[in-house]
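Presented below is the structure to which this report refers.
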């Protein structure tokens, strides 16, 4: 600091400034001059000289916070101890489960300690909302916030206003699994990027977002299929064969597991619009049987690969339709070895379902797969097996009374099927 010489002014009664003020210069300064020099000393000492603005940082100067206790402009800071950040604990996630009703988060580190369980078949839990993805007054571009779901239930994390959260509208938000910690980063106003999505912990073991009690959409189809919202999805209700669920949009590196926990019915799993499952083609479903679990993963955008559960070892069906008939759903499909008995067709044609239908009826199967089929004729005449659309029958296709034939059934594609006789004349 530059030396300042203050000449003590003379005051009434002969008293001047205290003895620690330099009065060596001849003549006394006026009070206004003395005060100006003192102000110059203090402003230089506390770093507010030469245009220094409170709340900002300049080289080789002291710093002073602004009226909001904010400051910006530091380049690097070093600590020999710990940096203590603003923390809030004991947060209750609000039960309205909307962006507008979500509990607002206001600190750098927020711990949610209270939430209630979501409804069956959904991961939409009680909600909290991030602060606006805009640097606070006096701040630099860039925010980092840590959110800890310290509860046993999923919690929905919303953005503020029109902010997005990992590309999802802030009003929709994303789910935090139980016992999870998300790091939320914003470098662009209005945009939050979240690290740790879908992952939680159970002690020393990792967990992933899971949902139970899903109901497949009655009547099937892609457009209204029940969305699969988690990594692990358990469908508990499939009222009829072909009721449907929908995979999320494919993304490279994404993994989804689906369980059909229904007691009896196979269900259809559709990809999102425009996506495909293996070689089935865009928007085509795969059918999985009751009591099975399959995994899907994406290595190329737009395509899901699937690891199907194995077919059941064997299956027996009996059809009592009289005269010429078409095989019913599931008559000729659904196991590694299917036995189908027809009791009243007689001397008439038994027509297969179409290749596409048989592929869908099989469940847990993919293009290129095959299985064994034995057809028994216990009626009073010779029955002839004929092909539905897309089906090719190779070899002998007639079945005399009270005999059966064994066929190999193969699906070169999801829309073509070959049925080849490999043995016949089996007495019933």
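Would you mention how many residues in segment 259-277 are closer than 22 Å to residue 358 by Cβ and in contact with a strand residue (DSSP E or B) (Cβ under 6 Å, 6 or more places away or on another chain)?
Of the residues in segment 259-277, the ones closer than 22 Å to residue 358 by Cβ are 260, 262, 264-271, 276-277.
Of the ones still in play, those that are also in contact with a strand residue (DSSP E or B) (Cβ under 6 Å, 6 or more places away or on another chain) are 260, 266-271, 276-277.
Here the count works out to 9.
Note on segment 235-265: residues that are over 14 Å from residue 217 (Cβ atoms) and in contact (Cβ under 8 Å) with a residue 40 or more places away in the chain amount to 7.
Say we look at segment 213-225 and pick out the residues that are surrounded by 16 or more Cβ atoms within 10 Å (Cβ to Cβ) and closer than 22 Å to residue 362 by Cβ; which of these is nearest to the chain's Cα centre (by Cα)? Of everything passing the filter in segment 213-225, 225 is nearest to the chain's Cα centre (by Cα). Taken over segment 106-125, the criterion of being farther than 15 Å from residue 180 by Cβ and under 22 Å from the mean Cα position of the chain (by Cα) is satisfied by 116, 117, 119, 120, 121, 122, 124.
Counting only strands (runs of 3 or more DSSP E) that sit completely within segment 156-214, those holding 1 or more residues that are in the same structural domain as residue 98 (by TED's automatic domain parsing) and either touching a residue at least 40 places away in the same chain (Cβ under 8 Å) or in contact with a helix residue (DSSP H, G or I) (Cβ under 6 Å, 6 or more places away or on another chain) (or both) correspond to 174-176, 180-188, 191-195, 199-202. With respect to (1) buried (at least 16 other Cβ atoms within 10 Å of the Cβ); (2) touching a residue at least 60 places away in the same chain (Cβ under 8 Å), the lone exception for residue 385 is condition (2).
Put simply, of 210, 160, 199 the only residue that is closer than 16 Å to residue 121 by Cα and surrounded by 14 or more Cβ atoms within 10 Å (Cβ to Cβ) is 210. If you filter segment 302-327 down to residues that are part of a loop (DSSP other than H, G, I, E, B) and modelled with pLDDT under 95, you find that the one that is nearest to the chain's Cα centre (by Cα) is 308. Scoring residue 353 on the criteria (1) touching a residue at least 60 places away in the same chain (Cβ under 8 Å); (2) in contact with a helix residue (DSSP H, G or I) (Cβ under 8 Å, 6 or more places away or on another chain) leaves a single failure, condition (1). Across segment 242-261, not a single residue is classified as at pLDDT below 95, on the phi < 0 side of the Ramachandran plot, crowded, with 20+ Cβ neighbours inside 10 Å and assigned to a loop (DSSP other than H, G, I, E, B).
Is it the case that some residue within segment 285-296 is modelled with pLDDT of 95 or more, crowded, with 16+ Cβ neighbours inside 10 Å and either under 19 Å from the mean Cα position of the chain (by Cα) or assigned by TED's automatic domain parsing to the domain that holds residue 358 (or both)? There is at least one residue in segment 285-296 that is modelled with pLDDT of 95 or more, crowded, with 16+ Cβ neighbours inside 10 Å and either under 19 Å from the mean Cα position of the chain (by Cα) or assigned by TED's automatic domain parsing to the domain that holds residue 358 (or both).
The values are calculated or read from the model by the stated rules, or taken from the named source; none is laboratory data. As the structure is a computational prediction, the values presented were derived from the model and not from experiment. Note: ideal-geometry Cβ built from the backbone for every residue, glycine included; neighbour counts use all protein chains shown.
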